[in-house]
Amino acid sequence: MRFFVILFIVMPIIEMWLLIVVGQHLGASLTIIMVLFTAVIGLHGLRRQGLTTLKRLQDKLSSQQLPAKEIIEGVILAIGGAFLLTPGFITDALGFSCLLPFTRKLWLRLLFTWFQSRLSSLHQAPFDYSGFDQSGPSVSGDTIEGECTKTHDKVK
């Protein structure tokens, strides 16, 4: 939960501060050009990497293999695309790190480790079935025998 607070509150403040500082040193127009340039280059790279990952995913599916790695790479690429569309230098750096194959492998390893830790925490508490009655269904009480027929009445 704290991660999302940092991501959505603190990160834009830092990005705005950094854009102002860079704008003061380089000028507003050059700063805007740099932000737009990194977005265009990043989205072009995202498209290429996304198509490559999609091709590998389709190859795995056609050979009836589970494309777990490709699915997570697709998620990483989508996150990288969102970072690249967000104006700012820090988010651009994070977005490019999701695009480049060698840094994407680091993100992939990090996500696999995170998923495994989340899944292993689900299996830590054993299931206790001692509260269930082992004798079977109850046979006490009155049994009423009868027949049942279904009728479908038309509603007018």
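The values are calculated or read from the model by the stated rules, or taken from the named source; none is laboratory data. Quantities reported herein were computed from a predicted structural model and do not represent experimental measurements. As a convention, Cβ positions derive from the backbone with ideal geometry for all residues, glycine included, and neighbour counts pool all protein chains shown.
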So, in the range 1-42, of the ones that are among the β-branched types (Val, Ile, Thr) and in contact (Cβ under 8 Å) with a residue 24 or more places away in the chain, which residue ends up nearest to GLY81 (Cα to Cα)?
THR38
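Looking at the range 27-39, is at least one residue closer than 24 Å to LEU100 by Cα and under 25 Å from the mean Cα position of the chain (by Cα)? Outline the logic, then answer.
First, the residues of the range 27-39 that are closer than 24 Å to LEU100 by Cα: 31-39.
Add one more test, that the residue is under 25 Å from the mean Cα position of the chain (by Cα), and what stays is 38-39.
Yes, the conditions are met somewhere in the range 27-39.
Are any residues in the range 55-74 part of a helix (DSSP H, G or I), within 16 Å of the chain's Cα centre (by Cα) and surrounded by 15 or more Cβ atoms within 10 Å (Cβ to Cβ), and if so, which ones? Please lay out each step first, then the result.
Taking the range 55-74 as the starting set, the residues that turn out to be part of a helix (DSSP H, G or I) are 55-62, 68-74.
Now narrow it down to the ones that are within 16 Å of the chain's Cα centre (by Cα): 68-74.
LYS69, GLU70, ILE72, GLU73, GLY74 - these are the residues of the range 55-74 that are part of a helix (DSSP H, G or I), within 16 Å of the chain's Cα centre (by Cα) and surrounded by 15 or more Cβ atoms within 10 Å (Cβ to Cβ).
Can you go through THR143, THR113 and tell me which one is out of contact with any Ser or Thr (no Cβ under 6 Å at 6 or more places or on another chain), closer than 30 Å to GLY42 by Cβ and either modelled with pLDDT under 80 or outside any loop (DSSP other than H, G, I, E, B) (or both)? It would help to see each step written out before you state the result.
Values: THR143 fails: closer than 30 Å to GLY42 by Cβ.
The unique qualifying residue is THR113.
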